[in-house]
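Visitor: Have a look at the structure that comes next, please.
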């Protein structure tokens, strides 16, 4: 069974690109465009990994992350931050921080090291 990645990204072009990239590399995907929607998707889908943009409408990435790690069922899901803003300090325990624009091979390498 393929590992599932929740892609949280408000930019539709980047969202579609990441979903396609992960699907083309054998992962299942689900997605959300802000932190509020993302929490519901995470609860329903129980992904193996989350990619998280920091700067989003409604509820931004660091706030979503704080809620995620307080949830007993979701707190152990690894998170890779993919953002155009410097914010690695905002999410201290993330599996990785990838700055936009990102290198696709580098991102896939991080994903593979994190969840296989």
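FYI, it's all coordinate maths here, none of it is from the lab. Quick caveat: nothing in here was measured; it's all calculated off a predicted structure. Note: ideal-geometry Cβ built from the backbone for every residue, glycine included; neighbour counts use all protein chains shown.
Visitor: I'm trying to understand the selection: among the residues of the range 72-89, which are in contact with a helix residue (DSSP H, G or I) (Cβ under 8 Å, 6 or more places away or on another chain) and more than 23 Å from residue 108 (Cβ to Cβ)?
Guide: 73, 74, 75, listed by residue number.
Visitor: Suppose the filter is assigned to a helix (DSSP H, G or I) and either touching a helix residue (DSSP H, G or I) at 6+ places or on another chain (Cβ under 8 Å) or over 26 Å from residue 25 (Cα atoms) (or both); does residue 94 pass it?
Guide: Numbers: assigned to a helix (DSSP H, G or I): no; either touching a helix residue (DSSP H, G or I) at 6+ places or on another chain (Cβ under 8 Å) or over 26 Å from residue 25 (Cα atoms) (or both): yes.
So residue 94 does not fit the description; no.
Visitor: Could you check the range 1-50 and list, in sequence order, the residues that are surrounded by 15 or more Cβ atoms within 10 Å (Cβ to Cβ), in contact (Cβ under 8 Å) with a residue 60 or more places away in the chain and within 15 Å of residue 102 (Cβ to Cβ)?
Guide: 5, 9, 14, 18, 21, 22
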